[in-house]
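Accompanying notes for the structure given below.
The values are calculated or read from the model by the stated rules, or taken from the named source; none is laboratory data. Values in this document were obtained by computation on a predicted structure and should not be read as measured data. Heads up, the Cβs are rebuilt from the backbone with ideal geometry, glycines too, and the neighbour counts pull from every protein chain shown.
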Amino acid sequence: MTDVHGTTRQPRFDAVRAALQQNVDSGEELGASLVVDVDGERVVDLWGGHRDAARTLAWDENTVTNVWSVTKTVTSLAALMLVDSGDLDVHAPVARYWPEFAASGKEDVEVRHLLSHTSGVAGLDGPATVADLYDTEETATRLARQAPWWRPGTASGYHVFSYGHLIGELVRRTTGRALKEFIAEEIAGPLDADFRLGADERDWHHIADVIPPPPSSLVLPSGSPAAKAMNGPAVDAAVANTPQWRAADIGAANGHGNARSVARILSVLARGGETDGARLIGPKTIDTIFNVQADGTDLVNGLPLRWGIGYALPQPRALPWIPDGRIAFWGGWGGSMIIMDLDRRMTISYMMNRMSPGILGSPRSATYVRAVYDALG
């Protein structure tokens, strides 16, 4: 038996700890971390299991891992900070800041369309390889040249990997800094959060390797937005363990952190824009998140999703275990989750390394989130 470490500050959250312990004991979890922040207090702060498939390296409180699309939630925050400062306008054409993006019929695509996955630029036109993602500038140039795959603003189509390059280029055009630098200097640094795009070699010793999910048998219609996005490029999850991936600036998928650091960053939204004296964003800009941009079946991942600006909003047909209310969330491939509940000033953060099958969330995610809300009554 491998003990789960950390604290639950109130007895009502003991069931959350028990759920994590059960999944570690059963082998459903390899290694994981779980945090519940309520108005700045970590009422749940847990970690346990192992960093490696051989179960020789313990997952400790400083372990981080590749968090896949949870990265997008930090990238969205970066963009919204620029909205808050007046450097970006969500209703302005992307081409105002990035003139080349107007090519091929995209002159009317607005910043909000990028942030809500409704721009039609959901991936690279083929052929595309993982190596293309590592060349940030060239990939942004290719995306700017492309025609949209559907009429922008009419539906969402999940921007699997293009999201980070699109938002990253807006950040670069407005600040002169790469997205990786902006996140380090304006978000992770001020909040003292152990989160970054990629990972420096000196930090590899405390990274938990990603354990890929079982192969998918999903067959996508040829030429559909789903097929083009999932192959623009196709990615084997094991690539996250390579030096090339860790060296890259992929704002959609190569963030490295743990439940504590991701909660530290995203709790800014649940707490009105400020954490321990560090104000990143104002309440009016936070309200912008809840302007619904799409509500229907996503053209790429096939889920019934309700997208605000930068984040998904509760949709019971997608994830019935996330309640209604002023909640913004998203998850990472394999089941990690970050949930910002503004009504309760609460943030739930779950990061792990053994990936479950499926597109969004997992049975493990559901168990933990339900246990948290049950504890709140």
Check: Which one of the conditions (1) in a helix (DSSP H, G or I); (2) touching a strand residue (DSSP E or B) at 6+ places or on another chain (Cβ under 9 Å); (3) hydrophobic (A, V, I, L, M, F, W, C) does Trp204 fail to meet, given that it meets all the rest?
Finding: (2)
Check: Got a sec? Which of Leu82, Leu46 is touching a Leu at 6+ places or on another chain (Cβ under 8 Å), of a type outside the set (Ser, Thr, Tyr) and part of a helix (DSSP H, G or I)?
Finding: Leu82
Margin query: Consider the range 5-26. How many of its residues are at pLDDT below 95 and over 18 Å from Asp374 (Cα atoms)?
Written below: 0
Notebook entry, point to check: When both residues are 6+ apart or on different chains and their Cβ atoms are under 8 Å apart, which pairs have a first residue that lies in the range 222-240 and is over 17 Å from Leu303 (Cα atoms) and assigned to a helix (DSSP H, G or I), and a second that is at pLDDT 95 or above and among the polar types (S, T, N, Q)?
Noted result: Ala240/Asn66; Ala240/Asn254
Check: Are there any strands (runs of 3 or more DSSP E) wholly within the range 294-363 with 1 or more residues that are touching a residue at least 60 places away in the same chain (Cβ under 8 Å) and charged (D, E, K, R), and if so which?
Finding: 337-341
Next item on the list: Give the number of residues within the range 346-377 that are in contact with a Gly (Cβ under 8 Å, 6 or more places away or on another chain) and at positive phi.
Entry: 2
Check: Pairs under 8 Å by beta carbon, first residue closer than 29 Å to Gly272 by Cβ and of a type in the set (Lys, Arg) in the range 28-53, partner modelled with pLDDT of 95 or more and not in a strand (DSSP E or B), six or more apart or different chains?
Finding: Arg42/Arg260; Arg42/Ala263
Next item on the list: Residue by residue through the range 330-352, note down the ones that are within 18 Å of Thr275 (Cβ to Cβ) and either touching a Phe, Trp or Tyr at 6+ places or on another chain (Cβ under 7 Å) or among the hydrophobic types (A, V, I, L, M, F, W, C) (or both).
Entry: Ile338, Ile339, Met340, Leu342, Met346, Ile348
Notebook entry, point to check: Within the bounds of the range 301-309, is there any residue that is among the β-branched types (Val, Ile, Thr), within 24 Å of Asp45 (Cα to Cα) and under 17 Å from the mean Cα position of the chain (by Cα)?
Noted result: no
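For every residue, the table says whether it meets (1) buried (at least 23 other Cβ atoms within 10 Å of the Cβ); (2) out of contact with any His (no Cβ under 9 Å at 6 or more places or on another chain); (3) modelled with pLDDT of 95 or more.
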residue	(1), (2), (3)
Tyr158	yes, no, yes
Arg173	no, yes, yes
Phe182	yes, yes, yes
Ala188	no, yes, yes
Asp209	no, yes, yes
Leu220	no, yes, no
Notebook entry, point to check: Considering Thr174, Thr154, which residue is assigned to a helix (DSSP H, G or I) and either of a type in the set (Asp, Glu) or farther than 25 Å from Gly334 by Cα (or both)?
Noted result: Thr174
Item checked: Flag for Ala229 being touching a Gly at 6+ places or on another chain (Cβ under 7 Å) and surrounded by fewer than 15 Cβ atoms within 10 Å (Cβ to Cβ) -> no
Check: Out of Asp295, Asp287, which single residue is of a type in the set (Asp, Glu), within 23 Å of Ala366 (Cβ to Cβ), more than 19 Å from the chain's Cα centre (by Cα) and modelled with pLDDT of 95 or more?
Finding: Asp295
